[in-house]
Amino acid sequence: MREHKIVVLKGDGIGPEIVEEALRVLDAAGEKFGFQMRYDDRLMGGAAIDAVGVPLPEETVTACKAADCVFLGAVGGPKWDTQPGPNRPEAGLLGIRGALGLYANLRPAKIFAPLKSASPIKDSIIGDSMDVLIVRELTGGIYFGERGTGEENGESYAYDTEKYTVSEIRRIAKVAFEMAMKRNKKLTSVDKANVLDSSRLWRKTVIEMSKDYPEVELSHMYVDNCAMQLVRNPKQFDVIVTSNIFGDILSDEASMISGSIGMLASASLSDGSFGLYEPIHGSAPDIAGQGVANPLATILSAAMMLKYSLDEPEAAAAIESAVNAALETVRTPDIYEEGLKKVSTREMGDAVIANL
Ligand code: IPM
Ligand code: MG
């Protein structure tokens, strides 16, 4: 029987409860499609700070490197907000992205047909299909650039730098072009080339690479315009490729257009099939432990993991259909609609498994 060994980082807040449902769904899918999941639980984020004093213990990195891929719930919470920068849960997340070389972050934002009314955007704008894939560079740019603080002329200053090398741009652009080839062959590269040198290099490099992908219709957009176009006419986009910080901002915006951040999955990939999978939403400390969190983004992240890292495309597709089927009858409170049954985190997991 095929065996898949994954490191599980349950994380903080609602992390443990939503991950638990996703693992149950994975086990059920394994039974049906003939594979066995092996889970190796490790610490990261606030849970790691509490247990061992640092957000990303060395053993966690070592275990991740030895696994087929990594599955993450969510990290962070008010409890650790007063920690200094390098000792915050978020530093664990950035650290693991860097340590595992997860440079390509895929964030699909799409409308789930049964949830169309949840979108804050008018029907006439969304139509019945909004399906955008944001490909965000994840291990470079201002998040990882030189930074510092100091004193000058009697006042404090702080700075962070946006720097990209050609090879960093090429490898993320390659992922984006390849994704576009598998989808509708439309790629929008988003930058701020009217102002930033790093963006001018970005644009030049993406244009050079487009020669290798003659079938992909490439366009360029300034990030401020893109923020506007995403709400004006989201259907114009297929794949968007952009830098770390622009991708952070635009992916939150795009997720809201779909109306249900509790539904969106993400993958962070390195070369080859290795990746880390997590829901787009955060750890929602305000509802943690109440059994009301929506586990679907995490379950859909498990489907992405089966597809991109574990070579189980049938199981991935089956989970996606099961989620859609479950949505027809049951809803967690965040996506509740009159006439359907309001269910708990666990019951939502049960409903997906029943539809598998
Ligand atoms: C995200 C988050 C992280 C980021 C934070 C938690 C460091 O906002 O994954 O989008 O900025 O990358
Ligand atoms: Mg973000």
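The values are calculated or read from the model by the stated rules, or taken from the named source; none is laboratory data. Treat the numbers as computed from the prediction; the structure is a model and nothing was measured. Positions of Cβ are generated from backbone atoms using ideal geometry, with glycine treated the same way; all protein chains shown enter the neighbour counts.
Some points to look at:
- Annotation note: Cβ proximity below 9 Å between a residue of segment 33-50 that is at pLDDT 95 or above and of a type in the set (S, T, N, Q) and a residue that is surrounded by 15 or more Cβ atoms within 10 Å (Cβ to Cβ) and not in a helix (DSSP H, G or I) (sequence gap 6+ or interchain) occurs for Gln36/His4.
- The helices (runs of 4 or more DSSP H) located wholly in segment 1-105 that include 2 or more residues which are loosely packed, with under 15 Cβ neighbours inside 10 Å and assigned by TED's automatic domain parsing to the domain that holds Ala297 occupy 15-33, 46-52, 58-66.
- Residue that is nearest to Glu3 (Cα to Cα) [pool: residues in segment 49-98 that are among the aliphatic types (A, V, I, L, M) and touching a Ser or Thr at 6+ places or on another chain (Cβ under 7 Å)]: Ala74
- Hey, Leu276 in contact (Cβ under 8 Å) with a residue 12 or more places away in the chain, part of a strand (DSSP E or B) and under 19 Å from Leu138 (Cβ atoms) or not: yes
- Residue, surrounded by the most Cβ atoms within 10 Å (Cβ to Cβ), within segment 231-261, restricted to residues that are under 12 Å from Ile280 (Cα atoms), within 15 Å of ligand 1 (Cβ to nearest atom) and in contact (Cβ under 8 Å) with a residue 60 or more places away in the chain: Ala254
- A single entry from Ala351, Ala326 fulfils the requirement of being more than 19 Å from Ser119 (Cβ to Cβ), in contact with a strand residue (DSSP E or B) (Cβ under 7 Å, 6 or more places away or on another chain) and not polar (S, T, N, Q): Ala351.
- Looking only at segment 82-94, and only at residues there that are free of Cβ contacts under 8 Å to residues at least 12 places away in the same chain and more than 12 Å from ligand 1 (Cβ to nearest atom), the one that is nearest to Ser309 (Cα to Cα): Pro86
- Whichever residue in segment 262-300 is out of contact with any Phe, Trp or Tyr (no Cβ under 9 Å at 6 or more places or on another chain) and of a type in the set (Val, Ile, Thr) and, among such residues, is farthest from ligand 1 (Cβ to nearest atom): Val292
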